[in-house]
Amino acid sequence: MNAQPEKSCRTFFYAVAVLGTFLLMYGMVKVVIRYTKPQDTREARATERRKNLADLRAANADALNNYAWVDQGKGIVRLPVDRALELAEQKWKNPAEARVDLIKRAEKAAAPPPEKKSEFE
């Protein structure tokens with residue numbers, strides 16, 4: 001009579017030990033996966049790209065909406081788009097005169113820089 005309860009008790013402990021082993025292994029695998037998983041670079045790259053795009057848009061907005069020197073030596077200025085369109089509309093009311101002025105400004109802008117004389121000559 002004692003053999004039956006002892007056998008069921010032993011089976012219960014084996015079942016608990018096997019279940020405990022599986023749970024321990026499951027926990028260890030989860031920990032190893034968490035610590036060996038590579039860092040997600042997509043989010044970092046996406047953040048960097050968003051920042052670069054914002055910087056680019058700010059620089060473009062500045063270039064489109066503000067005055068600045070392109071080449072001060074040649075007298076070339078960057079104009080806001082609206083002002084440039086107004087000036088072009090005024091100039092091209094007389095197409096012949098505007099063409100001559102355009103050619104002069106293109107030649108001035110494309111002129112090579114003056115040659116430097118060396119200090120030994």
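The values are calculated or read from the model by the stated rules, or taken from the named source; none is laboratory data. Keep in mind it's a predicted model, so treat the numbers as computed, not measured. Cβ: placed from backbone, ideal geometry, glycine included. Neighbour counts: every protein chain shown.
List of remarks:
- Whichever residue in segment 63-75 is polar (S, T, N, Q) and either assigned to a loop (DSSP other than H, G, I, E, B) or within 21 Å of the chain's Cα centre (by Cα) (or both) and, among such residues, is nearest to A110 (Cα to Cα): Q72
Each row is one residue, and each column tells you yes or no for (1) assigned to a helix (DSSP H, G or I); (2) modelled with pLDDT of 90 or more.
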| residue | (1), (2) |
| --- | --- |
| R49 | yes, yes |
| A61 | yes, yes |
| V77 | no, no |
| K93 | no, yes |
| V100 | yes, yes |
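- Subset of segment 28-47 (residues that are among the acidic types (D, E) and modelled with pLDDT of 90 or more): none
- Boolean, V18 is assigned to a strand (DSSP E or B) and of a type in the set (A, V, I, L, M, F, W, C): no
- Taking first residues from segment 109-120 that are closer than 11 Å to D71 by Cβ and partners that are in a loop (DSSP other than H, G, I, E, B) and at pLDDT 75 or above, the Cβ contacts under 7 Å between residues at least 6 apart in sequence or on separate chains come to A109/K74.
- Being among the small types (G, A, S), within 30 Å of D101 (Cβ to Cβ) and out of contact with any strand residue (DSSP E or B) (no Cβ under 8 Å at 6 or more places or on another chain) is a description that does not apply to A68.
- Selection of segment 51-67 for residues being loosely packed, with under 11 Cβ neighbours inside 10 Å and either under 26 Å from P113 (Cα atoms) or in contact with a helix residue (DSSP H, G or I) (Cβ under 8 Å, 6 or more places away or on another chain) (or both) yields only Y67.
- Residue within segment 91-104 that is of a type outside the set (A, V, I, L, M), within 23 Å of N65 (Cα to Cα) and exposed (fewer than 10 other Cβ atoms within 10 Å of the Cβ) present: no
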